[in-house]
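Worksheet: the structure to be examined is printed underneath.
Derivation of every value follows stated rules applied to the coordinates shown; laboratory data play no part. Predicted, not measured: the structure shown is a model, and the values here were computed from it. Positions of Cβ are backbone-derived with ideal geometry, glycine not excepted, and every protein chain shown enters the neighbour counts.
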Amino acid sequence: MKANVGSADRALRIIVGIILILLAATEVVGPWGWIGIVPVLTGVFRFCPAYSLLGIRTCKLDSTQPGSQ
């Protein structure tokens, strides 16, 4: 898994995910708020499967990563 989520994207995903989880835990929103786990995980691991399928990268290419050119 190559990183495909950049710094700003990563921060936004984690923040939005945590907010959704907190809203679901406090029953402000319905159980759908637990979907916030997905953006938190994609932000933490810096990999988004949907970005991979669509060929999107929001992170800079790092010349120290294996396979980068």
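Taking 0.36 nm per residue of sequence separation and removing the Cα-Cα distance, the E27/M1 pair yields an extension gain of 5.9 nm. Relative to the Cα centre, the charge distribution of the chain, modelled as +1 at Lys and Arg Cβ and -1 at Asp and Glu Cβ, gives a dipole magnitude of about 240 debye. Values (1) 102, 15, 11; (2) 48, 20, 14; (3) 61, 31, 19 are given for comparison; Cα extents along the principal axes in Å, derived from the coordinates here, is the one labelled (2).
Taking other Cβ atoms within 10 Å as a rough exposure proxy, T26, T42, T58 sort from fewest to most as T26, T58, T42.
Summed over qualifying helices (DSSP H, 4 residues or more, each -39500 (n - 2.57)) and divided by its residue number, the chain shows a 222 nm mean residue ellipticity of -15000 deg cm²/dmol. Once R0 is set to 30 Å, what does the formula 1/(1 + (r/R0)^6) return for the Cβ-Cβ distance between L61 and V38, expressed as a FRET efficiency to the nearest 0.05? FRET efficiency, L61 to V38: 0.75. What residue among S52, A11, G36 has its Cα farthest toward the positive end of the dipole of the chain, where the charges are +1 on Lys, Arg and -1 on Asp, Glu, each on the Cβ? Farthest towards the positive end: S52.
Relative to the dominant Cα principal axis of the chain, helix 7-25 is inclined by about 20°.
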